Amino acid sequence: MRSSSKYSVIKKSRIGKDSRVYDQVNLYGCTIGKNTKIDAYVYIEEGVTIGDNCKVRPFVFIPTGVTIEDSVFIGPNVTFTNDKYPRSSGDWSLLKTRIKRFVSIGAGSTINPGVTIGENALIGSGSVVTKDIPSNAVAVGNPARVVGQREPHR
């Protein structure tokens, strides 16, 4: 792992061999797999797992409850959420989100809580994912709708 600067906060996190974490990153109690790149200005909360060979571009927010499998690309400014009815105080309900292997999520997308994005799916830039996306699907828009299919990953 590349050493962090004085402007990053990395607490109780496990970072796999040959992974790179850049400047201005906050990692709290998460697990990052091998050979994964975490770019600048990324914030990852406790309990998040990111697999091997992933790329997380700048300005991404990943809260508790998100699992990202191997070989996933997350474009800049992607935001994940984990509560359908957020509020400043009181009880809240954690909804888990799963991103399967080989998924690509385009820049500026929002992934709502409790969804699963199937293996090898492609989410177009600026999309808002509000429900599960099947494997090998191409989904775009707000809300994201399946508009095509990708060849299965080999």
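The values are calculated or read from the model by the stated rules, or taken from the named source; none is laboratory data. What you are looking at is a predicted structure, and each value in this text was computed from that prediction instead of being measured. Reconstructed Cβ throughout: ideal geometry from the backbone, glycine too, with neighbour counts over all protein chains shown.
Numerical summary
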read-out	value
Region 103-139: number of residues that are surrounded by fewer than 17 Cβ atoms within 10 Å (Cβ to Cβ), farther than 16 Å from PHE73 by Cα and in contact with a Ser or Thr (Cβ under 6 Å, 6 or more places away or on another chain)	2
Residues being in contact with a Ser or Thr (Cβ under 9 Å, 6 or more places away or on another chain), of a type outside the set (A, V, I, L, M, F, W, C) and under 16 Å from LYS12 (Cβ atoms) - total across region 43-62	4
Residue that is under 13 Å from the mean Cα position of the chain (by Cα) and surrounded by fewer than 17 Cβ atoms within 10 Å (Cβ to Cβ), where the choices are LYS96, LYS100, LYS11	LYS96
Scan of region 30-62 for residues that are small (Gly, Ala, Ser) and either under 20 Å from ASN112 (Cα atoms) or in contact (Cβ under 8 Å) with a residue 24 or more places away in the chain (or both), ordered by number	GLY33, GLY47, GLY51
Subset of region 30-46 [part of a loop (DSSP other than H, G, I, E, B) and under 19 Å from PHE102 (Cα atoms)]	GLY33, LYS34, ASN35, THR36, ASP39
First in region 63-82 and more than 10 Å from ILE99 (Cβ to Cβ) and polar (S, T, N, Q), second anywhere and at pLDDT 95 or above and not in a loop (DSSP other than H, G, I, E, B), Cβ under 6 Å, 6 or more apart	THR79/PHE61; THR79/THR110
Extreme residue, modelled with the lowest pLDDT, among residues of region 20-31 that are within 16 Å of the chain's Cα centre (by Cα) and of a type in the set (S, T, N, Q)	ASN26
Conditions (1) assigned to a loop (DSSP other than H, G, I, E, B); (2) at pLDDT 95 or above; (3) not aromatic (Phe, Trp, Tyr): number failed by LYS6	(2)
Residue within region 42-49 that is at pLDDT below 95, farther than 23 Å from ASP23 by Cβ and either small (Gly, Ala, Ser) or surrounded by 17 or more Cβ atoms within 10 Å (Cβ to Cβ) (or both) present	no
